[in-house]
1. Run through the stretch A:1-104 and list the GluC sites (Glu not before Pro) located in a DSSP loop whose Cβ has at most 11 other Cβ atoms within 10 Å.
2. Over 32 Å between Cα atoms, which of A:57/B:13; A:42/A:96; A:58/B:13; A:57/A:96 qualify?
3. Using a 10 Å cut-off on Cβ to Cβ distances, tally the other chain neighbours for every residue of B:30-42 and report the average as a whole number.
4. Once you have the Cα-Cα distance between residue B:67 and residue B:7, take 0.36 nm times their residue separation minus that, and quote the gain in nm to one decimal.
5. Count neighbours as other Cβ atoms within 10 Å of each site's Cβ, and list the chymotrypsin sites (Phe, Trp or Tyr not before Pro) in the stretch A:1-76 that are DSSP loop with at most 14 such neighbours.
6. Compute the FRET efficiency between residue B:52 and residue B:100 as 1/(1 + (r/R0)^6), taking r as their Cβ-Cβ distance and R0 = 22 Å, and round to the nearest 0.05.
7. Cα-Cα pairs above 11 Å in the stretch B:73-116: how many percent?
8. Counting other C-beta atoms within 10 Å, which of B:32, A:105, A:13 has the fewest, and how do the rest follow?
Amino acid sequence: ILNVEQSPQSLHVQEGDSTNFTCSFPSSNFYALHWYRWETAKSPEALFVMTLNGDEKKKGRISATLNTKEGYSYLYIKGSQPEDSATYLCAFNDYKLSFGAGTTVTVRA
Amino acid sequence: ETGVTQSPTHLIKTRGQQVTLRCSSQSGHNTVSWYQQALGQGPQFIFQYYREEENGRGNFPPRFSGLQFPNYSSELNVNALELDDSALYLCASSLFWIGQGNTEAFFGQGTRLTVV
């Protein structure tokens, strides 16, 4: 069973502040890392699929970096807005998706 | 282009019963995978179907079984339900097998199963 860990488990951010959180995964046999945003009562929404060491991806105010050699990825939210409140999941792809437990972000107005 | 849809949205079953959950893939997607999410955990991989054949299975007992149909829709069947089977069941479809390239998986909203 693959060990994919996310930290912190939850965080509260003031509107307008920036934040980041971590996903750690096995550094051997890396294939791809996926990030999802999951809002309450909705489907998980694909944010990024990252495959290359040093990869950086951006979607609006959200960006992610990838370090496959040390086995971690950071997700950044710049200038948090209330609509960013969600659980952010990372998943290690080794021909199936192995998910972490997620980081729940609450943005306070 | 329609998204991934799952039915039913909620279901209550009695221990020992059998249940069938359904998933309609996004148009053009030939791969479907199923996940179980228990409270406080991330989704756990159950199995994946690629062009109607099982193509990978997680650590779930044989009473969890599935089918993929020629139109690439899918069913998850669970026999002899146990209380611990209570969870959110998610279905995801992708254009290619999940291990191929930069394939994204698109999820449905899930079916909440409660076993009493």
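FYI, it's all coordinate maths here, none of it is from the lab. A quick note: this is a predicted structure, and the numbers were derived from the prediction, not measured. FYI the Cβ positions are ideal-geometry reconstructions off the backbone, even for glycines, and counts take in every protein chain you see.
1. A:70
2. A:57/B:13; A:58/B:13
3. Shielding by partners across B:30-42 averages 3.
4. Full extension from residue B:67 to residue B:7 adds 20.1 nm.
5. Of the chymotrypsin sites (Phe, Trp or Tyr not before Pro), the ones in loops of the stretch A:1-76 whose Cβ has at most 14 other Cβ atoms within 10 Å are A:31.
6. Rounded to the nearest 0.05, the efficiency is 0.85.
7. Every Cα pair in the stretch B:73-116 considered, those over 11 Å come to 72 percent.
8. Ranking B:32, A:105, A:13 by Cβ neighbours within 10 Å, fewest first, gives A:13, A:105, B:32.
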